[in-house]
1. Of everything in the range 57-93 that's among the polar types (S, T, N, Q) and assigned to a loop (DSSP other than H, G, I, E, B), which residue is farthest from LEU24 (Cα to Cα)?
2. Tell me, please, whether a residue that is at pLDDT 95 or above, open to solvent by less than 50 Å² (accessible area, probe 1.4 Å) and assigned to a loop (DSSP other than H, G, I, E, B) can be found in the range 34-41.
3. List the pairs whose first member sits in the range 178-194 and is touching a residue at least 40 places away in the same chain (Cβ under 8 Å) and over 17 Å from CYS22 (Cβ atoms), whose second member is open to solvent by less than 70 Å² (accessible area, probe 1.4 Å) and more than 9 Å from the ligand (Cβ to nearest atom), and whose Cβ atoms are under 6 Å apart, counting only residues at least 6 apart or on separate chains?
4. Please determine whether any residue of the range 1-17 is open to solvent by 10 Å² or more (accessible area, probe 1.4 Å), at pLDDT 95 or above and near the ligand (Cβ under 8 Å from one of its atoms).
5. Being in contact with a strand residue (DSSP E or B) (Cβ under 6 Å, 6 or more places away or on another chain), open to solvent by 30 Å² or more (accessible area, probe 1.4 Å) and within 12 Å of the ligand (Cβ to nearest atom) is true for just one of ALA180, ALA187, ALA192, ALA218. Which residue is that?
6. Of all residues in the range 63-103 being open to solvent by 60 Å² or more (accessible area, probe 1.4 Å) and of a type in the set (A, V, I, L, M), which is modelled with the lowest pLDDT?
7. Residues of the range 42-62 being of a type in the set (Ser, Thr, Tyr) and either farther than 16 Å from VAL79 by Cβ or open to solvent by 80 Å² or more (accessible area, probe 1.4 Å) (or both), which ones?
8. Can you tell me which of (1) open to solvent by 50 Å² or more (accessible area, probe 1.4 Å); (2) within 16 Å of the ligand (Cβ to nearest atom); (3) under 30 Å from VAL119 (Cα atoms) is the one ASP212 doesn't meet?
Amino acid sequence: MSTPKPSLPVALVTGATGGLGCALVASLRERGHHVIAAAREPARLSPAAGVTPLQLDVTDAQQIEAALPVLRAAGVGVVINNAGLNLGEGLVACRDEHAALRELQVNFLGPMRLLRGIVPALQARGGGTIVNVLSVLALAPLPLCGSYAASKAAAHSMTQALRAELRPSNIRVVGVYPGAMDTAMAADFAGAKDSPLVVADAIVAALGNGHDEVFPGAAAGLGALWRADPKALERLLCGTPEASQ
Ligand SMILES: NC(=O)c1ccc[n+]([C@@H]2O[C@H](COP(=O)([O-])OP(=O)(O)OC[C@H]3O[C@@H](n4cnc5c(N)ncnc54)[C@H](OP(=O)(O)O)[C@@H]3O)[C@@H](O)[C@H]2O)c1
């Protein structure tokens, strides 16, 4: 494991207790970034050199306010909005009537509030990088988790708008669109899944390669399909017949 390199920006990862969050912390440390690992329950994080744990529920405005001075003092230059929630609910056939709101709070409104708080510090540093972990479902939904897909679509739109809004401040905004990943979130998904380590490495590589849309691992094919024909991705994921185009 390499020691943090002072020349590399400090990176914040939200949802650091999760499958991809853990892999991101490891990959960033490997590259020499100091990492602030934010979690609802930081006691669950494994202590490691080059990693500072931070209490952060992204839906809790008071916790965001309390985290901001810590993030400013640490000189955070990379913000990775990784925390996510998928309750696996349809839009009409939902057992939890509050599912859509809870998913919106974790996947869209929380990251937006966090960014509103931290962006002035990035601007004061002369720039930085924001990475929003989205999903291919932001681009075309799976009907069985329609409200999750809608929340990721909102975050995708936020990503595009922020990219334009923050370009004059020298802040890059990267959207990441994984397919199924082998983490707790996709435990019930029976199909092929990417390793979170592969996805994390693709995200960390994007910090240096200038790409603003990342389709890691097996999502590369879905990204190519979406670019060529967005309706074809919808047909593939939703099983929509040709005639209903
Ligand atoms: N797994 C997939 O197939 C897949 C595919 C595409 C995109 N993604 C996205 O990838 C990202 C990482 O998910 P994952 O696959 O690693 O799932 P995961 O293992 O379930 O991890 C989710 C993480 O988000 C955290 N979280 C949930 N609500 C939070 C809140 N209110 N405040 C702060 N943290 C919160 C969880 O914290 P706790 O440990 O405290 O619950 C956990 O650390 C998510 O944005 C997800 O939507 C996943």
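1. It comes out as THR59.
2. For the range 34-41, residues at pLDDT 95 or above, open to solvent by less than 50 Å² (accessible area, probe 1.4 Å) and assigned to a loop (DSSP other than H, G, I, E, B): absent.
3. GLY179/LEU222
4. yes
5. Just one listed residue meets the conditions, ALA218.
6. ALA93
7. Passing the criteria: SER46, THR59.
8. (2)
The values are calculated or read from the model by the stated rules, or taken from the named source; none is laboratory data. Computed from a predicted structure; not experimentally measured. In this analysis, Cβ positions are derived from the backbone assuming ideal geometry, glycine residues included, and neighbour counts consider all displayed protein chains. Note: areas computed on protein heavy atoms with side chains; ligands, DNA, RNA excluded. Shrake-Rupley method; radii C 1.70, N 1.55, O 1.52, S 1.80 Å.
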